[in-house]
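Novice: My structure is below; once you've seen it, I'll send some questions.
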Amino acid sequence: MKVVLVTGGAGEIGSAICRKFAENGYSVIATYNSNSAKAEKLAEELNAVSEDLIRHSSLVVRHSIFHAPTTDAPKVADLKAFVAEKYGKLDVLVNNAGITTPVPHDDLEGLTDEWIDKIMQTNFRGSFAMVRATKELLEKGSEESNESSLIVNISSIAGISGIGSNVAYCASKAAMDSMTRSLARVLAPKIRVVSVSPGFVEGEYTKIFDPKFLQNQMDNTPLGRFATGFDVANAVYALATSLIFSTGTVITVDGGRLLK
């Protein structure tokens, strides 16, 4: 049984990642922060996806949802204990949970200290906290499979381009990419660490931006569209199953946006 843990699993990108792994026989643990209704719906969808797999094979698949904001240390500790007891190991951790708010980059007063702290705590510190909490479980996964386990940090091309919802968001994603390189060096060979870096991802998230800004971004994307959650999910799954000699690098899923 292969096991994947996806933080922020009920969101646009997170749910697509969860479905991709469930479709391919993984047991999925999806964490959520506040939207329990979305998380419950995701659990139903994952169980439905896996019904045929279980019926027509000897696979043992067990999906779970768990309330664990990544900035809440006691909840993260509870999550670690839950995974250890129910699954005994992890093969993949996907740090997908993140937050932002739109603030023009030239509005220095508009980007408050409160929002800077919230963004950095969730996007960077929360991701690091999850790595720290699950390291031993990932090492057990590596020992059981005799191959490296995987951590995927969902960052953003904003961390490279400096263009994004606000200055702190861009900085937080750059921090995630830097963390990827640092941890890939020290956690090898048992654990690989890779950033998957999307451009704009079509869905609820894009609705917070001005339509003119979004059109400009699309016009400057060589492949002529935004990414979907499934584009990101396919990249994460490929890293887990095909690109197994990659670590400490950033995989962009941006349709060529960084080329312009």
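Novice: Before we move on, is Ser156 in contact with a strand residue (DSSP E or B) (Cβ under 8 Å, 6 or more places away or on another chain), within 24 Å of Arg257 (Cα to Cα), assigned to a loop (DSSP other than H, G, I, E, B) and small (Gly, Ala, Ser)?
Specialist: Details: in contact with a strand residue (DSSP E or B) (Cβ under 8 Å, 6 or more places away or on another chain): yes; within 24 Å of Arg257 (Cα to Cα): yes; assigned to a loop (DSSP other than H, G, I, E, B): yes; small (Gly, Ala, Ser): yes.
Yes; evaluated as a whole, the condition is true for this residue.
Novice: Is it the case that some residue within the stretch 167-187 is crowded, with 16+ Cβ neighbours inside 10 Å, in contact with a helix residue (DSSP H, G or I) (Cβ under 7 Å, 6 or more places away or on another chain), in a strand (DSSP E or B) and touching a residue at least 24 places away in the same chain (Cβ under 8 Å)?
Specialist: Within the stretch 167-187 (the criterion being crowded, with 16+ Cβ neighbours inside 10 Å, in contact with a helix residue (DSSP H, G or I) (Cβ under 7 Å, 6 or more places away or on another chain), in a strand (DSSP E or B) and touching a residue at least 24 places away in the same chain (Cβ under 8 Å)), the answer is no, since none of the residues qualifies.
Novice: For Ser27, indicate whether it is hydroxyl-bearing (Ser, Thr, Tyr), in contact with a His (Cβ under 8 Å, 6 or more places away or on another chain), more than 20 Å from Gly203 (Cβ to Cβ) and surrounded by fewer than 24 Cβ atoms within 10 Å (Cβ to Cβ).
Specialist: Taking the combined requirement at face value, the residue satisfies it.
Novice: Check the stretch 75-90 and report whether any residue there is more than 26 Å from Ile191 (Cβ to Cβ), out of contact with any Phe, Trp or Tyr (no Cβ under 8 Å at 6 or more places or on another chain), touching a residue at least 24 places away in the same chain (Cβ under 8 Å) and in a helix (DSSP H, G or I).
Specialist: no
Novice: For the stretch 59-74, what are the residues that are among the aliphatic types (A, V, I, L, M), outside any loop (DSSP other than H, G, I, E, B) and within 14 Å of Tyr87 (Cα to Cα)? Even if it seems obvious, please write down each step before you answer.
Specialist: Here is the first cut: in the stretch 59-74, the ones among the aliphatic types (A, V, I, L, M) are 59-61, 65, 68, 73.
Applying the additional criterion that residues be outside any loop (DSSP other than H, G, I, E, B) yields 65, 73.
Matches in the stretch 59-74: Ile65 only.
Novice: Something else now. Out of everything in the stretch 168-204 that is closer than 21 Å to Thr241 by Cβ and among the hydroxyl-bearing types (Ser, Thr, Tyr), what residue ends up being farthest from the chain's Cα centre (by Cα)?
Specialist: Thr180
Coordinate-derived values only; no laboratory data. Everything numeric in this text was worked out from a predicted model, so none of it was measured. Backbone-built Cβ (ideal geometry, glycine too); neighbour counts: all protein chains shown.
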